[in-house]
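The values are calculated or read from the model by the stated rules, or taken from the named source; none is laboratory data. What you see is a predicted model; the values in this text were computed from it and never measured. Positions of Cβ are backbone-derived with ideal geometry, glycine not excepted, and every protein chain shown enters the neighbour counts. Just the protein is used for accessible areas: all its heavy atoms, side chains included, with ligands, DNA and RNA removed. Shrake-Rupley method; radii C 1.70, N 1.55, O 1.52, S 1.80 Å.
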Amino acid sequence: MKNIYTILLFIALGTQVLSAQNSQTKKADELYDRLAYVDAAEAYQKLLKKGDGSSHVYERLANSYYFVNDTKKAEPFYKRVVQDEKADSETVYNYAQSLKANGKFSEYNTWMKKFATKSPSDSRAIEFMKNPDYVPQIVESLPKYDAKNLKDINTKFSEFGGITNGKDFYFSSARNTSRKKYAWNEQPFLDIYKASIVGGTVKNANLLTGDVNTKYHEGNMAITADGKRMYFDRNDYFNGKYKKSEEGVNQINLYYTEKVDGNWKGVFSVPFNTSEYSVGHPALSPDGNTLYFVSDMPGGKGSSDIYKVSLDKNGVFGTPVRLGDNINTEGKEVFPFIDANGNLLFSSDGHMGLGGLDGFYAEANGFGFSDPVNLGNGANSPDDDFAFNYDPNTKTGYLSSNRKGGKGSDDIYGFAEIERPCSVAITARVVTEEKRTPIAGARVDLYDSVENKLSTKTTDANGVVVFDAACDQAHVLQASAEYFESNATDVDATSASKVSSTIVLRPIDAIIVDDKIALSPIYFDFDKHNIRPKAAFELDNLIQVLNKYPQMIIRIESHTDNRGTDAYNMNLSERRAKATTQYLISKGIDRSRLTAKWFGESNLKVSCGGNCTEQEHQQNRRSDFIIEKW
């Protein structure tokens, strides 16, 4: 189930009522507007059974499932809504996100392109169009992090947002069954808990004592380095007063408390709290002089943005400033965290990710941050991944997620950087020979130096694929595309983190030279007749020509080197000619179009007597392809 605080911060968004509602939908709409999405979904389903299949019902039913992260149920209802050309662009975006979460990457691409057409200036659309095939790149990349469930503190309820202070571990949980249930997900209201880190294990969780917890939600927190002040977010409930906005919405506000004699005493409101919008998800800079938070205040870019505010030595707050547009999008940016080096970690559904919320990393850069980088497979999943907390010195941290395999709706995970051999990102660009035009949809195979196939990918609209491979090892890239001659290039061993290569393909007809099919040499290993991977790669070019010209008949001529007896070599060349013929037949070429001859060592390409080098022997072990008719 989608994380509670992702929704709570932006509760006002749920109060929008579509004009299509009527007396029949009133009950379901009231549940929806109260964020009681589980009950709302049931109510809308009942309306469908009664024959009310309006776009209003379908859209709200889809949203109800989407907001509780049930993308499988949301998908078919969004599918009906988006058939209408007038469908809202955000609905199209939600449908695309559902498709992505459900592993339907091709359909995701299709609907993201439609979203981009509807909202071409949206930063999410712009980033997607720069690299529309990014999802497989993340999925297929080697995971950088390994995440393990903290089973000692997770329950069937929601746990998230773990932070450390010394040997203490603080987190939020809905396990307190003495609390009233919250209608949004039918779990108890959240409280803050404290556990202990014992021998590297987080255990012995207890409800935080002091003045922090109430009967309403208390969620994310940040603690100063000296452990004397805690910032936390809570429903707009202060000094016993529960407040609502002019629209009747109870927002999330930001508070802090001080540790006195080992207990958290007193609760104080930050000066930029208001009942008209939400403020939450606190994070502190290493020096404690800057407080970061999330808000949907007016003037923001998206559903929620990350802000920062200065704190002087007397604890006086400055004026909140929104982080740059390279961090904030039209979507949601939430759960900021600043590591010991001043770098930013946060979650977003607006930047390009694997699922709902993905974790991102942005290096400190002067007074701002560099462009964020997806934390990748392992740290992220097709579901929501958020509340990242990372120690760059130990290369370990904590994250929260509702990924598959957890104990509850949201679980806390410990994660660590995976120690693995260095890797190199090999970027291959496939282009035409004549104009160097990118070839989309080309197949690119990555081999190691001994012809073991490591990976296969398809080029994007820019003719590009990226492989994550072991560094300090040589590799071979082989590219093929319909109507083009296949080609290959070597990638030298390197310790660099990135390397690029361009593979040029020429039209397939270029290999027809006079009465021959001019393939690169089809070589065989000594004393063997099996088709090697490189030979198969070349023979596939011959197959393209034969498929293009169905009347063409060819003769296969097979030769050996001069090692072995004449009789043995004649027999060996016969086996090689037949192996080549069988390979072509296995690929759909009719046997009647193929003839074969074998010559043993009687027609050497290189006459080197008894002093042949291994390279010269290999040149003599070959096959030629003669056009007999076409």
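Out of all the residues in region 459-479, is one or more surrounded by 14 or more Cβ atoms within 10 Å (Cβ to Cβ), in a strand (DSSP E or B) and hydroxyl-bearing (Ser, Thr, Tyr)? Talk me through it step by step, then tell me what you get.
First, pick out the residues of region 459-479 that are surrounded by 14 or more Cβ atoms within 10 Å (Cβ to Cβ): 459-460, 462-471, 473, 475-479.
From what's left, in a strand (DSSP E or B): 464-470, 475-479.
Subset that is hydroxyl-bearing (Ser, Thr, Tyr): none.
Checked region 459-479: no residue is surrounded by 14 or more Cβ atoms within 10 Å (Cβ to Cβ), in a strand (DSSP E or B) and hydroxyl-bearing (Ser, Thr, Tyr).
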Residue check, residue 433 of a type in the set (D, E, K, R) and in the same structural domain as residue 502 (by the TED database): yes
Tell me, please, whether a residue that is surrounded by 17 or more Cβ atoms within 10 Å (Cβ to Cβ), under 23 Å from residue 328 (Cα atoms) and either in contact with a His (Cβ under 9 Å, 6 or more places away or on another chain) or small (Gly, Ala, Ser) (or both) can be found in region 243-250. no
Among the residues listed as 250, 263, 220, the single one being more than 21 Å from residue 168 (Cβ to Cβ) and modelled with pLDDT under 95: 250
Taking region 573-603 and keeping residues crowded, with 20+ Cβ neighbours inside 10 Å and over 23 Å from residue 545 (Cα atoms) leaves 573, 600, 601
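Identify, please: which residue in region 174-225 is assigned to a loop (DSSP other than H, G, I, E, B) and free of Cβ contacts under 8 Å to residues at least 12 places away in the same chain and is, among those, least open to solvent (accessible area, probe 1.4 Å)? I'd like the intermediate steps shown before the answer.
Pass one, region 174-225, residues assigned to a loop (DSSP other than H, G, I, E, B): 174-180, 183-186, 189-190, 199-200, 208-209, 211-217, 224-225.
Next cut, free of Cβ contacts under 8 Å to residues at least 12 places away in the same chain only: 177-178, 199-200.
On the way: 177: 99, 178: 95, 199: 85, 200: 67 Å².
Residue satisfying both the conditions and the ranking: 200.
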So is residue 157 closer than 30 Å to residue 188 by Cα and either open to solvent by 30 Å² or more (accessible area, probe 1.4 Å) or touching a helix residue (DSSP H, G or I) at 6+ places or on another chain (Cβ under 7 Å) (or both) or not? yes
Sole residue being of a type outside the set (Ser, Thr, Tyr) and in a strand (DSSP E or B), chosen from 596, 577: 596
Any idea which of 128, 169, 157 is of a type outside the set (D, E, K, R) and free of Cβ contacts under 8 Å to residues at least 60 places away in the same chain? 169
Would you confirm whether or not region 413-428 contains a residue that is in contact (Cβ under 8 Å) with a residue 24 or more places away in the chain, open to solvent by less than 30 Å² (accessible area, probe 1.4 Å), within 28 Å of residue 399 (Cα to Cα) and of a type in the set (Ser, Thr, Tyr)? yes
For region 533-554, what are the residues that are among the small types (Gly, Ala, Ser) and open to solvent by less than 10 Å² (accessible area, probe 1.4 Å)? 535
Among the candidates 494, 502, residue that is of a type in the set (Ser, Thr, Tyr), over 24 Å from the mean Cα position of the chain (by Cα) and part of a loop (DSSP other than H, G, I, E, B): 494
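Tell me the helices (runs of 4 or more DSSP H) entirely within region 73-131 that contain at least 2 residues that are open to solvent by 80 Å² or more (accessible area, probe 1.4 Å).
Numbers: elements: 89-101, 105-118, 123-130.
By residue number, 105-118, 123-130.
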Could you give every pair whose Cβ atoms fall below 6 Å, whose first residue belongs to region 555-572 and is open to solvent by 10 Å² or more (accessible area, probe 1.4 Å), and whose second residue is at pLDDT below 90 and part of a strand (DSSP E or B), counting only separations of at least 6 or pairs across chains? 557/624
Working carefully through the options 495, 409, find the one that is among the polar types (S, T, N, Q), open to solvent by 40 Å² or more (accessible area, probe 1.4 Å) and in contact (Cβ under 8 Å) with a residue 24 or more places away in the chain. 495
Which numbered condition trips up residue 354, out of (1) out of contact with any Ser or Thr (no Cβ under 6 Å at 6 or more places or on another chain); (2) under 24 Å from residue 193 (Cα atoms)? (2)
Of everything in region 364-389, what is without any contact (Cβ under 8 Å) to a residue 60 or more places away in the chain and in contact with a Phe, Trp or Tyr (Cβ under 7 Å, 6 or more places away or on another chain)? Give them in sequence order. 372, 373, 388
Checking residue 344 against (1) open to solvent by 10 Å² or more (accessible area, probe 1.4 Å); (2) in contact with an Asp or Glu (Cβ under 9 Å, 6 or more places away or on another chain), only one condition comes out false. Which one? (1)
